[in-house]
Structure formats: C-alpha cells, structure tokens
Amino acid sequence: MSFLIEINNKQVEARKGETILDVLKRNGIKVPTLCHLKDMFPTGSCRMCVVENLKTNRLVTSCSTPVEEGMKILTHSARVVESRKTIVELLLSNHPDDCLYCVRNKNCELQNLSEELHVRERRIRGVKNNNHIDRSSVSIVRDPDKCILCGRCVRVCEEVMGVSCIDFINRGSKTVIGTTFNQGLNTSSCVNCGQCIMVCPTGALSEKSHFPELLSMLSNPEKTVVVQYAPAISVSLAEELKLEPGKDINGIMNAALRKIGFKYVFDTTFTADLTIMEEASELVERVKTGGVLPMITSCCPGWIKFAEEFYPEMIPNLSSCKSPQQMMGAVIKTYWSGKTGVKPENIYSVSVMPCTAKKFEAQREEMTNKGITDVDAVLTTRELGQLIRMFGIDMNNLAPETTDSPLGYRSSAGKLFAASGGVMEAAIRTAYHFITGDELIKFKIEALRGFKGCKEAEVDIDGLKVKVAVVNGLANARILLDSIKRGEKTFHFIEIMACPGGCLNGGGQHIGASEEDVKQRMKTIYDIDDKETIKVSHKNPEIIQIYEEFLEKPLGHKSHELLHTHYYKRDVIH
Amino acid sequence: MKTEIIDILQKYPAGAKENLIPILQDIQGNEGFLSKGSVIEVGNYLSMPTSKIFGVATFYNQFRFSPLGKFHIQVCRGTACHVLGSLTVLETIEKYVGVKAGSTSRDGIFSIEEVACMGACGLAPVISVNGNFHAKVNSESIKEILDSYRKQAEL
C-alpha cells in the first residue's frame with residue numbers, strides 16, 4: 001500500500017512498512033547516519049539521522065521510524081541541523097583528536113560529519129577516553145579511545161558473522177566495546193575476518209600493520225623481496241587509489257609493485273589453480289573411496305578458525321588443502337627457490353590479500369616448513385594502496401606489465417576465487433575433467449553466483465549427482481552446518497567464505513565502498529572468466545609444468561608435504 | 001565443572017536466555033562473585049556468547065568478577081555522604097587498599113564497593129565493613145579503622 005507524505009514541503013510517495021530513511025534515500029535526500037547498517041534492524045541509538053516531524057513537532061530518528069500517512073517531515077531545518085551538530089560535538093568531546101596520526105585520516109565518518117556540519121570550535125569539553133589499545137590480535141588492532149559506541153562492529157560480529165566475540169561492557173559514560181572479561185582479542189573467539197573494521201566509522205578498529213619490517217626488508221640488499229596478490233586485489237585496488245570502482249588494474253598493479261621494489265611479482269591466482277588441482281583430486285578421492293563427506297573448502301582462514309572453535313566435530317570434513325596464499329608461500333620457498341638458486345632464508349615473501357584473517361593464517365604454526373615460514377608478511381588491499389601512495393607512484397602513467405614466470409600464470413577459474421561461489425565453480429570444472437576425462441560443456445553455474453547467503457546446486461558428473469552448497473557470511477554457515485548436523489540436508493561439497501559476497505568484499509578491502517562498487521567487482525571477475533580462453537585450472541600451462549618438474553601428481557608425496565595441512569580444535573572463550 | 005554451578009544451572013531450563021540474570025544472581029549468591037569459569041558454563045548452558053553475558057553482568061552494579069576480600073568495605077556515595085566528603089573517603093580507602101572500588105586487594109584482605117545510599121544519612125560520611133558501620137569517618141580516622149582490620153586479618 002502506498003500513500004503520500006510531505007518531505008521538505010514536497011509530496012512524495014511512501015509505502016507502508018518503510019522507514020522515513022528508506023523514503024529519503026529513494027528520493028535522493030541524504031541525511032547522515034552513524035549506527036545504521038543496511039539490511040539490519042535499526043537501533044536508532046546514535047540520533048544522527050533525526051528529522052523534524054511537523055505533525056508532532058518532535059525530532060524522530062528517520063532510520064527507525066515507520067512512515068505514516070500525512071506525515072510532514074523536514075530533513076534539514078535549523079533545529080535538525082543544530083541537533084545533529086550537537087551530537088557530533090558531543091562525540092568529539094572525549095575523542096582523542098589525533099586525526100593527523102590516525103589510520104582513518106581522510107576516510108573517517110566522524111571527520112566527514114564534523115566537516116559537513118561545520119564544526120569549527122571545541123564547544124563541549126569532556127574528559128578524554130583513556131583505554132588500553134588492544135594489540136594482542138595478529139590481525140586486528142582495537143583502540144577503544146576512538147570508539148564512538150555506534151555498535152556496528154558488535155552487530156556485524158553477531159548477525160553477519162555469528163561469532164559475537166565483542167559486546168558493550170559497563171554502562172553510561174564508562175561504556176566500552178570489548179571481549180568477554182575485556183581480555184585481548186587474541187584469546188577471544190574472534191576469527192579475524194575484519195568485517196568490524198569495514199563497518200567502523202572511525203579508527204577504533206584497524207588491521208595490524210607490517211610496514212616497518214616490510215620497508216626495512218625492501219631496502220635490505222641481502223633479501224629478495226617477492227610479492228603475491230590474491231585474485232580479488234586487481235579488481236578492488238582501484239577504489240583505494242580513487243580510480244574507477246571495480247576496474248581490473250592487474251597490469252599497472254604489477255608495474256607499481258615492481259616500482260615499490262618487489263623483485264618478483266607472482267599471482268596467488270596461480271596457486272588458486274593449484275588448490276583446485278589438489279582439492280578437486282581430494283573430492284574425487286573422498287567420493288570414490290567413501291571418505292568423509294561433505295567436504296568443505298579450506299581457503300578462507302576466517303572460516304577455518306570458526307570451524308576450529310565452533311564446529312570442531314566437522315574438522316574431518318575440511319579439505320586438507322592449504323589456502324592459495326600458503327601454497328604460494330610454500331612453492332616460492334621450495335620450487336621457485338630451487339629453480340632460481342635464491343636461498344629460502346633470503347627470500348622475504350609478502351602477500352597482498354583482501355583479508356585480515358590472512359595475517360593470522362600466515363603465522364599459524366602449521367604454516368612453517370622446517371623452520372621456514374611460508375609467508376613472511378601479509379598486507380591488506382588498503383595497505384597496498386598506502387604503499388603505492390608512499391612511494392609516489394602515479395597509477396595513471398604506468399605501462400601495464402605482466403607477472404613473473406613461473407608462478408604468475410593463471411586460468412580464469414582461479415580468478416573466480418575472489419567471488420563467493422568461485423572456488424566451487426572452479427573445482428567442479430576440474431573435478432568433472434578428473435572423473436570423465438572430458439570438459440564441461442557449460443562452465444557457468446548461475447545458481448552459485450551472486451550475493452545470496454546460501455546457494456545450492458546439483459551438478460551431474462557422469463551420472464553422479466553431485467550436491468553442492470556455497471555459503472558466505474559465517475552466520476549463514478551456522479544455519480547450513482546445523483541443518484547438516486540434524487540430518488536435514490546432505491551435500492558432497494560445500495564452499496564457505498566468511499565475508500558476505502566472498503573475498504571481493506573482504507575485511508582488508510577499501511573502506512567505504514558502496515554496494516554498487518562491490519557488485520562491480522564481482523561483475524569484473526565474471527567478465528574476465530567470460531573473455532579468457534583458459535577457463536579451467538588443469539589447463540594452466542604453468543600448473544602442468546609444476547607437476548611435471550616438481551610436484552609429480554596431485555595428492556602426491558610432495559603435495560602432502562608442502563600443500564596440505566591439518567587443523568585442531570581450538571579452545572577459546574566462546 | 002563445579003557441582004554447585006551444575007546444581008544452580010539445572011534449576012533453569014537449558015537454553016532459556018530470559019533466566020540469565022536470576023542465574024547470575026544465584027551463582028553470585030553462592031560463590032560471592034562471578035568467576036570466568038562460571039560465566040563460560042552459563043554461556044554453554046544457555047547457548048549464549050559469553051561476551052553477551054559479560055555485557056549484561058557489567059551493566060548492573062550488583063555483579064562482581066573477583067571474590068570478596070576477608071573484609072568487605074562498602075563506601076556510601078549517597079547525597080548526604082557525598083556532601084560531607086565521601087569522595088575523599090573513597091579515594092583514601094582506594095589508596096590504602098591499593099585497588100579501585102569494585103575490586104579486591106591482592107592479598108585478599110580487603111574489597112571495596114561503592115553503594116548508593118545505606119540509609120544512615122545521619123552518620124554521614126559512613127562506611128560499612130562486613131556489616132559493621134563506622135560513622136562520620138574522615139581520611140584520618142579511616143586509616144586507623146582499616147589498620148585495626150588489617151591487624152585482625154594478620155592474627
């Protein structure tokens with residue numbers, strides 16, 4: 001049912017059940033919000049989005065007030081603007097005021113609001129916050145002093161991730177956000193996904209930086225600094241550098257990485273192909289020999305930690321494959337090191353990931369082989385952007401370059417890893433080949449694409465009906481896994497990615513990307529797959545080469561030593 | 001798991017989150033405080049993240065997370081006591097004991113609690129140690145009072 005309401009003296013159409021904010025957005029009227037999160041139940045706690053209701057002569061929160069017939073709303077009356085400004089001034093009254101040193105300088109919602117509302121003096125003085133910065137996690141740094149208690153991190157952690165490792169502690173002016181017993185994040189059930197960072201309006205949450213060590217390694221003549229980047233990076237870095245959102249800038253990114261000083265540039269997508277070779281073989285073996293099913297992907301370190309904490313009984317279901325990042329780390333310091341003669345201890349191996357959990361993954365004990373770590377430093381997309389700015393690289397005036405070979409060539413199947421459902425599609429393509437010896441006629445599996453939280457499909461491989469599911473957002477994983485545990489659903493193969501939409505919307509990506517921007521990233525990934533000719537991992541010539549020269553065969557002795565791992569039940573405070 | 005905690009939990013249906021506060025009160029009534037172990041057990045029993053339980057428990061003044069000291073000092077922070085200098089009294093006690101209100105000293109002798117009003121405004125500023133009231137205290141007399149309790153504890 002629709003009716004008319006009056007906004008800023010203009011009649012506009014509203015539908016029953018909508019909030020005032022919904023109507024404002026549809027009509028292109030911008031009111032600022034802080035605690036509001038799209039598609040989540042409104043809390044109305046920050047009061048930034050207040051508008052004046054002329055019928056009742058009251059200020060109401062537009063995010064949580066449903067429209068009523070005959071409403072008269074003013075969105076920017078003097079009273080409204082003054083009220084919003086006061087809220088910002090109050091938020092600033094106990095804020096550290098160290099914008100120049102803040103990780104979110106120039107990309108901070110509080111800073112923007114302060115500017116938009118023309119806050120030009122400190123009118124309200126409050127006692128400054130004085131909390132400990134929590135640096136205990138290897139992925140995420142929490143600075144409660146910068147927190148404005150909007151609660152978006154708490155809600156994402158609970159409602160999207162199903163983790164709930166943080167909540168509001170204490171009351172009134174003593175309120176902080178923290179873990180159980182206000183301990184370090186490292187002892188909590190935090191899976192390091194970084195989605196809290198993505199929704200944080202200020203610098204209260206950020207990734208742990210590896211900059212000082214990286215910079216000293218780049219200028220150390222004894223070290224060969226090499227870099228790999230995840231499939232999602234080339235389509236998401238653009239926004240960080242204020243280029244066209246979702247554009248694939250792979251070529252100039254390679255050039256920029258070399259300008260920064262990385263001696264060799266590898267593409268993690270190559271080891272995504274390698275992962276597919278191993279994982280598809282593992283799946284075929286499990287199906288043929290009656291192994292543990294459903295097999296669940298293990299590429300996502302957020303999901304892996306989640307499984308170790310909340311679903312330890314399903315650890316046997318996890319694929320034993322390392323993630324592409326760790327596979328690349330392992331082959332650089334063995335295969336590539338052997339080919340080039342650079343000693344593994346002199347290689348400083350850096351990865352660029354759309355993810356904060358990859359920082360955690362890289363330092364896991366199991367990811368070290370004979371005292372040599374697979375990957376030495378992990379940067380997020382944001383940190384790569386920072387590095388490019390620091391080295392003064394003009395992305396508009398760079399000639400595209402290719403990656404180094406070997407370990408640089410990829411199929412378009414590997415590239416799909418960036419999107420939720422991509423690992424599944426790529427694995428099916430290769431598993432089909434392993435079982436039948438032929439190639440799929442139709443590669444695209446539309447049902448597994450897009451941003452839906454849980455996607456299911458059935459694929460016919462030589463008469464065998466393979467049932468697969470793809471999940472993104474760990475709260476959705478809980479729903480699916482619980483239904484499997486209750487025996488309501490059965491699958492052969494499941495892909496689970498922690499972040500909504502997959503890695504292209506990971507916790508290491510550009511902060512402030514719009515929904516359209518993220519959709520564009522996904523579109524670009526699928527466009528690449530449409531355009532390119534090598535659409536399956538097993539036809540990647542460098543993959544064929546590495547098996548011939550080094551690994552021998554999927555699931556072979558070398559593979560087990562270097563490319564596979566195991567997981568353990570993890571005791572944390574749930 | 002401690003049997004007392006099991007007994008308390010089993011009085012309530014598993015997974016019934018609405019009983020959180022009565023459960024926490026029961027446990028505190030039994031153990032004197034909410035230990036990490038008991039909070040985790042409550043989380044398991046109610047299928048509730050411990051962060052939520054800790055959030056609820058810290059919201060209310062009544063819950064504490066360390067055991068009471070041998071001598072539990074309640075400092076009245078009501079209006080009458082406040083006017084007559086209870087803040088200085090509290091600060092002196094905190095300095096003497098070496099911990100802030102809401103905590104227990106390392107040696108386990110003293111614990112401090114701020115209370116809103118003890119209903120003894122005529123005695124302001126007033127403190128109570130294990131239920132014994134000490135009237136019209138000031139930063140000098142408080143030290144003597146606490147010294148005598150410390151001697152008792154060391155006997």
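Below is a table of values for the structure above.
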item	result
The listed residue being surrounded by fewer than 24 Cβ atoms within 10 Å (Cβ to Cβ), of a type in the set (Lys, Arg), over 21 Å from A:PRO301 (Cα atoms) and in contact with a helix residue (DSSP H, G or I) (Cβ under 9 Å, 6 or more places away or on another chain), out of A:LYS467, A:LYS455, A:LYS485	A:LYS485
Among residues of the range A:456-475, those that are under 25 Å from A:CYS196 (Cβ atoms) and either free of Cβ contacts under 8 Å to residues at least 60 places away in the same chain or part of a loop (DSSP other than H, G, I, E, B) (or both), counted	4
Residue in the range B:75-85 that is within 17 Å of the chain's Cα centre (by Cα), farther than 23 Å from A:VAL154 by Cβ and among the polar types (S, T, N, Q) present	no
Members of the range A:13-32 found to be within 20 Å of A:VAL80 (Cα to Cα) and outside any loop (DSSP other than H, G, I, E, B), listed by number	A:THR19, A:ILE20, A:LEU21, A:ASP22, A:VAL23, A:LEU24, A:LYS25
Qualifying residue in the range A:137-153 (condition: more than 20 Å from A:ALA475 (Cα to Cα), polar (S, T, N, Q) and in contact (Cβ under 8 Å) with a residue 24 or more places away in the chain)	yes
Matching entry among A:VAL103, A:VAL88 (being open to solvent by less than 40 Å² (accessible area, probe 1.4 Å), on the phi < 0 side of the Ramachandran plot and aliphatic (A, V, I, L, M))	A:VAL88
Members of the range A:427-441 found to be under 9 Å from A:ALA280 (Cα atoms) and aliphatic (A, V, I, L, M), listed by number	A:ALA427, A:ILE428, A:ALA431
Output for the range B:48-65, where each listed residue is open to solvent by 30 Å² or more (accessible area, probe 1.4 Å) and more than 11 Å from chain A (Cβ to nearest Cβ)	B:GLN62
Matching option when the condition is within 14 Å of chain A (Cβ to nearest Cβ) and open to solvent by 30 Å² or more (accessible area, probe 1.4 Å), among B:ILE21, B:ILE40	B:ILE40
Positions within the range A:133-164 being part of a loop (DSSP other than H, G, I, E, B) and under 17 Å from A:THR202 (Cβ atoms), in sequence order	A:ILE133, A:ASP143, A:CYS147, A:ILE148, A:LEU149, A:CYS150, A:GLY151
The lone exception for A:ASP273 - which of (1) over 21 Å from the mean Cα position of the chain (by Cα); (2) open to solvent by less than 10 Å² (accessible area, probe 1.4 Å) it fails	(1)
In the range B:1-47, the residues that are assigned to a helix (DSSP H, G or I), within 18 Å of the chain's Cα centre (by Cα) and of a type in the set (S, T, N, Q)	B:GLN25, B:GLN28, B:ASN30, B:SER38
Filter result for B:VAL75 (within 14 Å of another protein chain (Cβ to nearest Cβ) and buried (at least 21 other Cβ atoms within 10 Å of the Cβ))	no
Evaluation of A:VAL287 against (1) modelled with pLDDT of 95 or more; (2) under 30 Å from A:ASP482 (Cβ atoms) (one fails), failing number	(1)
Enumeration of residues in the range A:343-361 that are within 18 Å of A:LYS223 (Cα to Cα) and in contact with a helix residue (DSSP H, G or I) (Cβ under 8 Å, 6 or more places away or on another chain)	A:LYS343, A:PRO344, A:ILE347, A:TYR348, A:SER349, A:VAL350, A:SER351
Residues of the range A:527-570 classified as farther than 16 Å from A:PHE434 by Cβ, in a helix (DSSP H, G or I) and of a type in the set (Lys, Arg), total	2
Lone qualifier among A:SER337, A:SER349 - being in a helix (DSSP H, G or I) and either polar (S, T, N, Q) or over 26 Å from the mean Cα position of the chain (by Cα) (or both)	A:SER337
Matching residues in the range A:399-447 - criterion: being among the basic types (Lys, Arg) and in a helix (DSSP H, G or I)	A:LYS415, A:ARG429
The range A:216-264, residues that are of a type in the set (S, T, N, Q), open to solvent by less than 10 Å² (accessible area, probe 1.4 Å) and assigned to a strand (DSSP E or B)	A:GLN228
Filtered residue count, the range A:174-228, keeping only those that are within 14 Å of chain B (Cβ to nearest Cβ), under 18 Å from A:ALA362 (Cβ atoms) and out of contact with any Phe, Trp or Tyr (no Cβ under 7 Å at 6 or more places or on another chain)	2
Residue within the range A:544-557 that is within 28 Å of the chain's Cα centre (by Cα), within 19 Å of A:VAL423 (Cα to Cα) and open to solvent by less than 80 Å² (accessible area, probe 1.4 Å) present	no
Residue within the range B:77-91 that is among the hydrophobic types (A, V, I, L, M, F, W, C) and closer than 26 Å to A:GLY178 by Cβ present	yes
Residue in the range A:377-386 that is open to solvent by less than 10 Å² (accessible area, probe 1.4 Å) and either over 22 Å from A:SER206 (Cβ atoms) or modelled with pLDDT under 95 (or both) present	no
Those residues of the range A:39-53 which are touching a residue at least 24 places away in the same chain (Cβ under 8 Å) and surrounded by fewer than 19 Cβ atoms within 10 Å (Cβ to Cβ), in sequence order	A:MET40, A:THR43, A:SER45, A:ARG47
Output for the range A:144-173, where each listed residue is more than 16 Å from A:GLY194 (Cα to Cα) and at the interface with chain B (Cβ under 9 Å from one of its Cβ atoms)	A:PHE168, A:ILE169, A:ASN170, A:ARG171
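The values are calculated or read from the model by the stated rules, or taken from the named source; none is laboratory data. Note that the coordinates shown come from a computational prediction; the quantities given were computed from them, not determined experimentally. Ideal geometry is used to build each Cβ from the backbone, glycine not excepted, and the neighbour counts take in all protein chains shown. Just the protein is used for accessible areas: all its heavy atoms, side chains included, with ligands, DNA and RNA removed. Shrake-Rupley method; radii C 1.70, N 1.55, O 1.52, S 1.80 Å.
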